[in-house]
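Any read-out appearing in this document is the output of simple, stated calculations on the displayed coordinates, not a laboratory observation. The model shown is predicted, which means the values in this text are computed figures rather than measured ones. In this analysis, Cβ positions are derived from the backbone assuming ideal geometry, glycine residues included, and neighbour counts consider all displayed protein chains.
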Amino acid sequence: MTPLLTIENVAYTYPGGQTPAISGVSMEIAAGSKTALVGPNGAGKSTFLLMLNGILRPDSGVVRFSGRPLAYDSKSLRDLRRRVGFVFQNPDVQIIAPTVEADVAFGPVNLGLPPDDVRRAVRDALDHVGLQGYEDRPPHLLSGGEKKRVAIAGILAMDPEVLVFDEPTASLDPATSGEVMDLLDDLASRGRTVLLSTHDVELAYRWADSVILMGRGRVLARGAPEEVFSDPDLLTAARLRPPALLALSNELAHRGIIDRCPPPKGIAELVDRIERSISDHASDRGGHERR
Ligand code: ADP
């Protein structure tokens, strides 16, 4: 099957930059996947993501959507941005209108949808992010989490196939981060392809089905989160630490207390595995003593 997005040997240097922000970057993104781009600050994650809907154009290399190389004329970019939505790290960059409703309507209006369709798209998008009743509120008076939801609704209103989130939980408190990640999960479970960048290994480990590790503008590794985050050399190269839950379960597996696979994705799952292992051990011993 053709990957939804293909990136071939892409390089980009910012105007006036001394060194490339990214170079030699190749990867494929499958339709319906949940991909986390993980790496320290300055690794090139945002630069890479900005290539996916044509906000940045590579100096060399090719980005393909559904097998076709991106074109950078204004009509092609408009079409692409309807299909690949980009949610910026800072919602203030994205939110432009004086009310929530006008802001979320901006994309559908620009697409030339008839007024009834615009109203429906705005209502559905606001329902989806849990902001019903916020239509007339001025976005600049909302909390950080609410602004993030407005920005996401603005993208959802265009019904894109791919959603790209640059650092979706940056500067949100833990509860709000959790809510935003639940929303991303919900979007992915409805068949959308979701990519995000983060330096939060705990978040990437729990959420992603595929991790791309970046460092100094290059792809260092790609694979299932438990594979990539179990390699200490890779993590050192990327200036990251392993997710605590994975480090603990790897150590328990190493000591023969639990099986290595499948890696637990939550505390309850890990504790269940330990409990099961203790009770298996006790019944083995019981059987042994009876014999
Ligand atoms: P990350 O998202 O992983 O933190 P970025 O893609 O933002 O990394 O940055 C990669 C490199 O590109 C860094 O060295 C950064 O300083 C540089 N860079 C990012 N944005 C700009 C810009 N607008 N102008 C010049 N250099 C930039």
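Per residue, the average separation of C-alpha pairs within less than 8 Å and at least 6 apart gives segment 77-168 a relative contact order of 51 percent.
Ranked by the mean number of other Cβ atoms within 10 Å of their residues, highest first, the peptides 76-83, 224-231 come out as 224-231, 76-83. Beta bridges from DSSP with both residues in the chain: antiparallel share about 50 percent, rounded to the nearest 5. Just report the Cα centroid separation between segment 1-70 and segment 242-263, whole Å. With segment 1-70 and segment 242-263 each reduced to a Cα centre, they are spaced 33 Å.
Report, in degrees rounded to the nearest 10, the 0 to 90 angle that the Cα long axis of helix 100-110 makes with the longest principal axis of the chain. That helix lies at roughly 70 degrees to the long axis. Each helix, a run of at least 4 DSSP H residues, gives -39500 (n - 2.57); summed and divided by the residues of the chain, these come to -13000 deg cm²/dmol at 222 nm. Between the helical axis of 115-128 and the longest alpha-carbon principal axis of the chain there is an angle of about 20 degrees. If a/c stays under 1.5 just call it rounded; otherwise compare a/b with b/c (prolate if a/b is bigger, oblate if not). Do that for segment 119-184, with a ≥ b ≥ c from the square roots of the Cα gyration tensor eigenvalues. The shape class here is oblate. In summary, the lysines within cross-link reach of residue 265, defined as a Cα separation below 18 angstrom excluding same-chain residues under 8 places away, comprise 34. Each part gets one Cα centre, and for segment 190-217 versus segment 135-165 those centres are 21 Å apart. Return one number: the angle in degrees, 0 to 90 and rounded to the nearest 10, between the long axis of the Cα atoms of helix 144-156 and the longest principal axis of the Cα atoms of the chain. Computed tilt is about 70 degrees.
Counted over segment 107-262, the DSSP beta bridges are approximately 50% antiparallel.
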